[in-house]
1. List the DSSP H helices in the chain whose Cα atoms stretch 20 Å or more along the helix axis and whose mean Kyte-Doolittle hydropathy is at least -0.5.
2. When ranked by the protection proxy of mean other Cβ atoms within 10 Å per residue, highest first, what sequence do the peptides 12-20, 132-140 form?
3. Could you work out the relative contact order of the range 21-63, using alpha carbon pairs under 8 angstrom and six or more residues apart, expressed as a whole percent?
4. Pop the C-beta distance of F50 and H80 into the FRET formula with R0 = 25 Å and round what comes out to the nearest 0.05.
5. Using a 1.4 Å probe on the protein chains only, how many percent of the accessible area of the range 1-125 belongs to carbon and sulfur?
6. Counting heavy atoms of the protein chains only and a 1.4 Å probe, report the per residue accessible area for the chain as a whole number of Å².
7. Take every Cα pair under 8 Å in the chain that's 6+ residues apart, average their separations, divide by the length, and report that relative contact order as a whole percent.
8. Once you have the Kirkwood Rh of the range 18-149 from its Cα pairs, apply Stokes-Einstein at 37 °C and 0.692 mPa s and quote D in µm²/s.
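The values are calculated or read from the model by the stated rules, or taken from the named source; none is laboratory data. As the structure is a computational prediction, the values presented were derived from the model and not from experiment. Because the Cβ atoms are built from the backbone with ideal geometry, glycine has one as well, and the counts that use them run over all protein chains shown. Heavy atoms of the whole protein, side chains included, go into the accessibility calculation; ligands, DNA and RNA do not. Shrake-Rupley method; radii C 1.70, N 1.55, O 1.52, S 1.80 Å.
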Amino acid sequence: VICSRFHPDSPQLRTPMDRLLLNRVFAHIVSEVTGWTVTDARSGFMGFPFAHVQAIAPSLIVERYGIPIELLLRLWHRKHDAKIAEIPHPARYGGNLPEKYRGRYEPGGETFEEKGARCADAYTAILRVLNDLGISESTAFSGMQHEQR
């Protein structure tokens, strides 16, 4: 189960354009590789059967913003026919956020370099995990993975 901030029924509160673009790109990539419909590939709110967690956790190789992507790719590799469900979760980028987080979502609150680092983390996660699983990028995105199921 993924609590998706970008589910069609998820309320949006001042979601910055860079977050919308970043998530749309990486949700699309994860959906293409796995064949699942994923609207929030970077959600930190996920639930898995404990057996899958036990099997996947020792293999984790990425950090930071790439972890949710890695979890989804490893789950897919372990169990191609897993059922994924998404439930709406509010995307809150303003309002009643704690003070230490509020400023980063205001105009000028983050540099382009900080925003780019988030993108680089997600991109690197996809490449590293596909490589670790022995799946070439060209194979992952050619549709061949879907045919092998």
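1. On the way: long enough: 17-34 (25 Å, 0.60); 112-132 (29 Å, -0.19).
In the chain, the long hydrophobic H runs are 17-34, 112-132.
2. 12-20, 132-140
3. Value for the range 21-63: 30 percent.
4. So, using R0 = 25 Å, E works out to roughly 0.80.
5. Result for the range 1-125: 59 percent of the exposed heavy-atom area is carbon or sulfur.
6. Accessible area per residue: 57 Å².
7. Numbers: 188 pairs, mean separation 52.9, N = 149.
Answer for the chain is 35 percent.
8. The calculation lands on 206 µm²/s.
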